[in-house]
Each structure stands twice: as C-alpha cells, then as structure tokens.
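Okay, so here's the structure we're looking at.
The values are calculated or read from the model by the stated rules, or taken from the named source; none is laboratory data. Treat the numbers as computed from the prediction; the structure is a model and nothing was measured. Every residue, glycine among them, receives a Cβ derived from its backbone with ideal geometry; neighbour counts consider all protein chains shown. SASA here: full protein model, heavy atoms, side chains in, ligands and nucleic acids out. Shrake-Rupley method; radii C 1.70, N 1.55, O 1.52, S 1.80 Å.
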Amino acid sequence: MDMIIGIDLGTTNSEVAVIRDGRPVVLEEDGDPILPSVVGLDPQGRLLVGKAARNQSMLAPERTVRSIKRKMGEEVTVTLGDKMFTPQEISAIILRTLKQRAETALGHPVKKAVITVPAFFTEGQREATRAAGELAGLEVVRIINEPTAAVLTYDPHPAEMERLLVYDLGGGTFDVSIAQVEQGVVEILASHGDTHLGGDDFDQRLLDFVCDRFQTKHGIDLRESAVARSRLLRAVEDAKKALSFEAVTTIAEEFIAEKNGVPLNMNLEVNRYEYEELIEPLLAKTLLCLDKAMSDAKLQADEIHKVLLVGGATRTPMVHQLLSERLGRPVHAEIEPDLAVAMGAAVQGGLIAGVDVGPVLVDITPHTLGIEALGELDGYMSRHCFSAIIERNTPLPASRTEIYTTAVDGQEGALIRVFQGEDEDTRYNTLVGEFTIEGLADLPAGNQILVRLDLDLSGILKVTASERATGLARHVTIDNATERFRQRQRTDAIDRLEEVFGTAENPIEIGNGESSSTPADALDDQSAERLSPTLRQAIESATTLILKAEKIVAGANPEDAADLLAMLVDLRTAIDNRSEKAIRTISDEVTDLVFYLEDQ
Ligand code: ADP
Ligand code: MG
C-alpha cells in the first residue's frame, strides 16, 4: 500500500506528517517539526532551505525568498542569485525538502501527498500548488483546505453532534470555518477568510511603529535600507512573540544606522498595550470574517460547541480575548496550533490510502463560481453581469449546468469568461479563466449554450460549453495562468530544479546557467505590472470610456447597440493585450459612436 504524506505548505512555516499506528505524527528534523518556508542562496551560491535560509535572510535579503505562498498562482518570477524562478518552483523546493525529510524518517521513497491550502485560495492558486507538488516529484492526490485539515485531527466520534469553529491565523493568511462533526462525518458549513492577513502584518505594523519612533528621534528612515529593514523585521517578530508571554519587551539592535559617521543603536521598549493598539484593526477584520461565516452557516454564537485555534499567530493573547468576548465563552488552544494542519493532511492521506484513521470529509466551496453574461446591472444593460452557476458553500464535489443563449442572429462563437466572487458585477470578482466556443450553428439569436462547471474535491475547476442544437459538446480546459505554465514551462522548470536542487544537508552549487526572462521585481515588491506612462494613461481613459459606453448601450437601437458592444469587446481585448496602438484606435472609434449616439 502506498503511503500518502500530509503537507502543510504554509506562508511562513511548513510541516510534513504521516500516519503511524493509526495516528498522525509530524516528522522532525534535528528535533524541529517546523521548516520555515524560506529558500535562499548562501554566498557561494549554494541552495539553502528552511532555517538556514531564514537565518541569512537578515543579512542577504536579496538572496532570500520568503512568503512565496502569497505569489502562488501569479504569473511572476523571483530572482535567486542570477536565476529566475516562478512561485511554483520555489514552493517545489520547499516541498521536495519535506519529501526528503519524510523519506529519511520512513526509510523508503515517498510518491504521494495531500497538500493543504487556505480555504480562500482561488482555482489558479490551487492549480499552482498542485503544479509545485508535481515539480517536487509528488503525486498530489488531494488538495484540502487548511481548516478542514485541522478539524480532521479532532476527535471524529463525539458522543453527540458538535459544531466547531476553526480560527486559523498564520503568517500570511487567515481563515475561519465552521464545521459540524457527527458520527464520523465532518461537514464544513461555511468558510471565510483573507488571503492577505496574518502575523506578517503584525510584524509590519510593529516595524512601522519602531521606525517612526526612530525617525522622529534621529531623522533617519530605517525602512529605506534593505539590510536595516530585514534586521528589524526579525527583531520585531521576536518582540511580538515575547509580547505573547510578557507585558513588555525591548527591541535592541546595535549599529542599525549611521549619522555623520557616528553609529546609532536601536533601543526601544514596547509594551503589550501599545502593540495591541497596533494590531487591533487587523484582528477586527478577522472578527468580521467570523461574523460572515456565522451568518452563512445561520448560526448564533451559542450554537458553536468548540473553537479550534490554528496558526502560530493565535498565540497572541488578544486573539483569545477578542474571540472569548465575541463568542461569550473562554477560548483555548486545544491542539498544537502550528502542527494541526499537517496532521490533518496526513489523516486525509490515510483515509485515501484506506487506513482507518477517522472521519469522512464533506467539504464546501467557499466562493461562488459562474460566468459573465449580458444582462441588467443597476438598471443598465451590461456585459459584466455575473451569472452564478455553483453557489458559495455548495458541498464538493459539485457539478452544475446553466443554459445561456446567443445574443445575435448567426452568432458564430461565444466568449466564456469564468469568475469567482460574490459581486453581481464581474469586474469586482476574480477572473478564473476564459475560452471561446467557436463554430456555432447558423441560428437566430437565442441559440442555447449549456455551460457546465465541475468542481472536484480539491476545489479544481473544469468548464465545458456545449451547443444544445447540434448536441456537440466542446470540452474546454480553462486556460489559466497555471495551465499555460504547465504546458510551456513544466519541462523547463523540472530541468532547472534538477540543476539547483541538492538535498537540504548537501546542497549543490548553482551554475551560471542561462537566464532568459527579464529581471524580476525586488522580492518585497507587489507584483504590479510595470506599464509605460502613456500605456497606463491609454488604459485608464479606455476604461472610463467603456463605462460610459455601457450606459449608452441601454438606450441605443439594437443595431447600434450591437456595433458598440462589438467594439467594446475589441477594446477589452486590446487592453488585455496591452496594445497601446489598438487601444487608441478602437477608443477613437468608440468615442465617435458614443458622441453620435449621445446626440440621438
Ligand atoms: P503559516 O501557516 O502562515 O505558515 P504559522 O501557523 O506557522 O504560519 O504561523 C506563523 C506566524 O505565527 C508568524 O507570523 C509567527 O511570527 C507567528 N507566531 C509564532 N509564534 C508566535 C507567538 N508566540 N506569538 C505571536 N505570534 C507567533
Ligand atoms: Mg498555516
């Protein structure tokens, strides 16, 4: 029987667990179960993973990649030495280190894994995670949500039905989920979260606080120096952790800056009260998510039987305090907050492998999925209407089909744009993928197109569009970032990883291989696209123009409306392609028509 390992691929820390004697066990290396999710290069260009990489990140931020999970699913690269890596590749390095840890501990090769992701990860982010696993030489048998995993470590056979609230506050992501456990079955009733909220943000607030104080005193902004910033980030994280156990702590860093040739030291006392003031707004956000999850599950606080605290940042006393107040009862950490998710992933792996370890799992989709359609939005006809197909909180796996009709006589094709989100306007939702169904039969407007969404247990989406009249189904896999990555770059990436990846203990030298792509942004940068000022301006005016044109479409006669809509489709494509010339040309045409129609 194949052993399936469970992996918590965290923003900050990762762990690997297996089932031993029917129980999940987190595997340690040098007595430590936690592998910091940090990848770096030492001065000789050798690969570092985990603690060693984290330790040097202070001195060599430019040779270190942290929090790569926040970039998963984005089409960006990060630099490590003289090489470029995608987020999947960096994650693959972490996963491979964990795979090796498991192989060393178990004494045999490991091929399969269950990997956890935040409940709020999009399809693209899940696909990217799966791709990372494959690059690491793992067959990813299932991707499960982190809070779901945490529940799996909990007693699956309570005497009576129990509802649990899982509050997971890690380094970079926050999730809150409500689960119901009964007779060995775990059902997730609702899930909410924020993919950009966690202990990292607490560090950032404390860093700003400390730097502001220093600037007031010495007139120097320490944030401007990458090395000072990195040193301080480490210092404030230590201070933050200390404040979980003590009322006051000191942040002391020698020679953090220099003024007129004189070295300056940082020596600042911070008390828990000051710190709590800084993070309160962030914790308030988590409570809003909690309220949403509760109302989605249609539950009151007194209908929750247990609260599971997951994630290192839940060690913050204020988390316990705010949650206790909100839920009207004391809240305790019942399971090891750092390890619960990996243990639950191992339980899930055991279940799939047929080991008798616990409950059966019913998971839900935490967001609505649907497509963009022509329809009424705020009283106007718009092509940005979000038509829901699979509603939020639907149990997985889920398959739903909706019927759409063509808008024009003899329409030859239809653009299927798939979104996830809760807004009725697709522009406020997330584009998951898009494709065109072409070669439709020559029929009057009203030709029926069936759009089917299949969401599997890992939350990965397949979309099929078919024309009812011809009975001809056209199965299309979503062309999302990861799909493109897989087809074009997968082999490349494996080669590159083979080249750089030794073992954690025995890293191999990184050569001066080719580096084909353009230089990446500094690691801390947002992945914002760099557009030329004229292109940016063209896009901005075109976007305003589109909004204006859409209002006019509603009042126009059908022929003009169709013309205008067609132009807007072209304009949108031009924007997507970042083609400044096309944007300007089509914008001019649209402007003319808009002027003409306004005059009517
Ligand atoms: P992730 O799931 O994002 O990988 P973890 O669950 O390992 O993260 O949590 C990491 C976060 O927990 C970090 O921001 C870390 O600083 C924070 N953390 C760890 N220990 C403590 C503590 N004692 N007090 C407050 N925060 C802590
Ligand atoms: Mg976590």
Given the chain, what percent of its DSSP beta bridges are antiparallel, to the nearest 5? 80 percent
Cα-based Kirkwood hydrodynamic radius, segment 309-352, one decimal, Å: 11.6 Å
Taking 1 over the mean of 1/r across every pair of different Cα atoms in the chain, what Kirkwood radius in Å do you get? 26.4 Å
Length gained when the stretch HIS196-ALA445 is fully extended (0.36 nm per residue, less Cα-Cα span): 85.3 nm
What nm value, rounded to one decimal, do you get for the distance between ILE335 and ARG234 when each label is placed 7 Å out toward the C-beta? 3.3 nm
Starting from the Cα-Cα distance between ALA469 and GLU422, subtract it from 0.36 nm times their residue separation and give me the gain in nm to one decimal. 13.8 nm
State in Å² the accessible area per residue of the chain; use a 1.4 Å probe, count heavy atoms of protein chains only, and round to the nearest integer. 45 Å²
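Given a Förster distance of 41 Å, report the FRET efficiency between ARG584 and THR401 from their Cβ-Cβ distance, rounded to the nearest 0.05.
So, using R0 = 41 Å, E works out to roughly 0.50.
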Expected output is a single nm value to one decimal: the length gained when fully extending between LYS217 and ILE352, i.e. 0.36 nm times separation in residues minus the C-alpha distance. What is it? 42.6 nm
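With only alpha-carbon pairs counted, each pair once and no self-pairs, how large is the Kirkwood hydrodynamic radius of segment 199-278 in angstroms? Before the final figure, lay out each step's value.
Values: mean 1/r = 0.0789 Å⁻¹.
Value: 12.7 Å, from the Cα pair sum.
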Roughly to the nearest percent, how much of the accessible area of the chain is carbon and sulfur, given a 1.4 Å probe? 48 percent
Using θ = phi - 60° and Karplus 6.51 cos²θ - 1.76 cosθ + 1.60, couplings along segment 173-178 (whole Hz; Gly, Pro as x): 9, 10, 9, 10, 9, 10
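Averaged over all directions, how much area does the convex hull of the C-alpha atoms of segment 369-456 cover when projected, in nm²? Before the final figure, lay out each step's value.
Numbers: hull surface 23.5 nm².
Projected area, direction-averaged: 5.9 nm².
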